[in-house]
Amino acid sequence: MAKITSHLWFEKDAREAVGFYVATMPNSAIGRTTTIPAETPSGPAGSVKVIEFVLDDQNFTALEAGPLDPFNHSFSIQVECDSQVEIDSIWNAFLDNGGQTEQCGWLKDRWGLSWQIVPSLLGDMVSHPDRERAKRATEAMLGMVKIDIAELEKAFGKD
């Protein structure tokens, strides 16, 4: 069976980024680190590094190979959190490490990678069959920077 791995190209500091991600996300670990022993289009032998890692059981590979294309919003990593405490902890860890807030639970880390720090219940709310309730939750989320579960629940209303 095929193995799916998300691949992230870093200009520099991949080891530092991966170390931060693994320290911030539960059930995460750094795997094998390889220095490419041959000359590549990115540089001489030894200049390109490959770091395998897992974030909460999701496979990733970080490649540190100099400038190419910067990260942008077309790729982001979504972290679904079960509580406000978890959202706050992860959100604050990114901001304390040089990240920048955006809208709707999005932030950009100091390496330029986009993250969505959202409650796991958000998907159920916005896809709820009662479209008025779904709309209220969606509109509440769209007005937030960091997601506030209590405010989402208030906007969504009770069953």
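Overview of results
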| item | result |
| --- | --- |
| Residues that are assigned to a loop (DSSP other than H, G, I, E, B) and of a type in the set (S, T, Y), drawn from the range 73-92 | S74, S83 |
| Any hit, the range 108-117, residues being crowded, with 19+ Cβ neighbours inside 10 Å, in contact with a strand residue (DSSP E or B) (Cβ under 8 Å, 6 or more places away or on another chain) and of a type in the set (V, I, T) | yes |
| When residues of the range 1-14 are limited to those that are surrounded by fewer than 14 Cβ atoms within 10 Å (Cβ to Cβ) and among the aliphatic types (A, V, I, L, M), the one modelled with the highest pLDDT | I4 |
| Hits in the range 84-107 (condition: touching a Pro at 6+ places or on another chain (Cβ under 9 Å) and surrounded by 19 or more Cβ atoms within 10 Å (Cβ to Cβ)) | I87, G105 |
| Residue that is among the aliphatic types (A, V, I, L, M), assigned to a helix (DSSP H, G or I) and surrounded by fewer than 17 Cβ atoms within 10 Å (Cβ to Cβ), where the choices are A23, A45, A38, A17 | A23 |
| Pairs where the first residue, in the range 9-29, is under 17 Å from N72 (Cα atoms) and of a type in the set (S, T, Y) and the second is modelled with pLDDT of 95 or more and surrounded by fewer than 15 Cβ atoms within 10 Å (Cβ to Cβ), C-beta under 9 Å, 6+ apart | none |
| In the range 100-111, the residues that are part of a loop (DSSP other than H, G, I, E, B), over 21 Å from S83 (Cα atoms) and more than 11 Å from the chain's Cα centre (by Cα) | R110, W111 |
| Extreme residue, modelled with the highest pLDDT, among residues of the range 128-159 that are of a type in the set (K, R) and in a loop (DSSP other than H, G, I, E, B) | K146 |
| Some residue of the range 64-73 being over 16 Å from Q116 (Cα atoms), among the hydrophobic types (A, V, I, L, M, F, W, C) and modelled with pLDDT of 95 or more | yes |
| Where T34 falls short, out of the listed (1) touching a Gly at 6+ places or on another chain (Cβ under 9 Å); (2) at pLDDT 95 or above | (1) |
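Listed here are the residues, each with its yes/no results for (1) under 26 Å from F20 (Cβ atoms); (2) free of Cβ contacts under 8 Å to residues at least 60 places away in the same chain; (3) out of contact with any Leu (no Cβ under 7 Å at 6 or more places or on another chain); (4) not hydrophobic (A, V, I, L, M, F, W, C).
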residue: Q100; (1), (2), (3), (4): yes, yes, no, yes
residue: D109; (1), (2), (3), (4): yes, no, yes, yes
residue: S114; (1), (2), (3), (4): yes, yes, yes, yes
residue: V118; (1), (2), (3), (4): yes, yes, yes, no
residue: L121; (1), (2), (3), (4): no, yes, yes, no
residue: V126; (1), (2), (3), (4): no, yes, yes, no
residue: R131; (1), (2), (3), (4): no, yes, yes, yes
residue: K135; (1), (2), (3), (4): no, yes, yes, yes
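The values are calculated or read from the model by the stated rules, or taken from the named source; none is laboratory data. In this text, all values refer to a predicted model and were calculated from it rather than measured experimentally. Neighbour counts run over all protein chains shown; Cβ positions are idealised from the backbone, glycine included.
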